[in-house]
1. Has the range 128-146 got at least one residue that is within 25 Å of residue 188 (Cα to Cα) and touching an Asp or Glu at 6+ places or on another chain (Cβ under 9 Å)?
2. Tell me which residues, restricted to the range 139-174, are charged (D, E, K, R) and over 13 Å from residue 106 (Cβ atoms).
3. Test of understanding: among 80, 111, 71, which residue is under 23 Å from residue 172 (Cα atoms) and at pLDDT 95 or above?
4. Pairs only if they're at least six apart or on different chains, beta carbon under 6 angstrom, first in the range 40-56 and modelled with pLDDT of 95 or more, second of a type in the set (Ser, Thr, Tyr) and not in a loop (DSSP other than H, G, I, E, B); list them, first residue then second.
5. Residue under question is residue 96, and the condition is that it be among the charged types (D, E, K, R), more than 18 Å from residue 51 (Cβ to Cβ), crowded, with 17+ Cβ neighbours inside 10 Å and without any contact (Cβ under 8 Å) to a residue 40 or more places away in the chain; does it hold?
6. List every residue pair whose Cβ atoms lie under 8 Å apart, where the two residues are 6 or more positions apart in sequence or sit on different chains, the first residue falls within the range 115-138 and is over 16 Å from residue 51 (Cβ atoms), and the second residue, located anywhere, is among the β-branched types (Val, Ile, Thr) and at pLDDT 95 or above.
7. Exactly one condition in (1) crowded, with 18+ Cβ neighbours inside 10 Å; (2) touching a residue at least 60 places away in the same chain (Cβ under 8 Å); (3) touching a strand residue (DSSP E or B) at 6+ places or on another chain (Cβ under 8 Å) is false for residue 91; which is it?
8. Would you say residue 123 is farther than 24 Å from residue 39 by Cα and surrounded by 15 or more Cβ atoms within 10 Å (Cβ to Cβ)?
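The values are calculated or read from the model by the stated rules, or taken from the named source; none is laboratory data. Here the structure is a predicted model, which is why all the values come from computation and not from measurement. Counting neighbours? That spans all protein chains shown, and the Cβs are built from the backbone with ideal geometry, glycine included.
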Amino acid sequence: MNPRTARLLLVASAFIAGLVLCSALVFIFTGRGPALSSAVGGPFRLVDQNARPVSDQDLKGRPFLVFFGFTHCPDICPTTLFDVSEVMRALGKDADRTGALFVTVDPERDTPAAIKDYLSSFDPHLTGVTGDPAAVADMAKAYRVYFKKIPLDKGGYTMDHTAIVYLMDREGHFVAPFNLKRKPEEAAAELRRYL
């Protein structure tokens, strides 16, 4: 495993461990489970790959997946988007009743045109969003996403970021991290439960 992948897995593990610890503490002190749906996600206003405005309200009424990444990502992002595309394929006609959102953490390079070109290799049900760096940062914060620009030795940069796929319900509430490490048909069956 290369060091970058190991770092991304460590960040994802830390996020999940934090959610579990927070849940346990809330349960211990209140006797009730936490409202995770209010802890992750929230309102946003960005633009899609066609430069059209997109907000959280546009996704209401259908379950959807959210993944944060960037178009210059060498491994994790294209692999994840391929896996999401396979789930959409396995959904068949039900894919029209769900959604999948790819949110850039690199709005400096990821213009709508760059995202449109990048997503042309994946399922058409994927919507890519970008926007003002502050708006992107606000959405990442709402989803508890870590991201950081990492300079490269020969100039340029890459991005470290949380690599979790979020499952959101029809009301836009967080359900759980969505497991793509299974057969696409099994993942599609879980997503169908929220239609």
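1. Yes, because at least one residue in the range 128-146 is within 25 Å of residue 188 (Cα to Cα) and touching an Asp or Glu at 6+ places or on another chain (Cβ under 9 Å).
2. 141, 144, 153, 154, 169, 170, 171
3. On inspection, the qualifying residue turns out to be 80.
4. Here the result reads 45/55; 48/127, each pair linking the range 40-56 to a residue that is of a type in the set (Ser, Thr, Tyr) and not in a loop (DSSP other than H, G, I, E, B).
5. Answer is no for this residue.
6. From residues that are over 16 Å from residue 51 (Cβ atoms), the pairs are 122/84; 123/84; 125/98; 126/84.
7. With (1) crowded, with 18+ Cβ neighbours inside 10 Å; (2) touching a residue at least 60 places away in the same chain (Cβ under 8 Å); (3) touching a strand residue (DSSP E or B) at 6+ places or on another chain (Cβ under 8 Å) applied to residue 91, the lone miss is (3).
8. Yes, satisfied.
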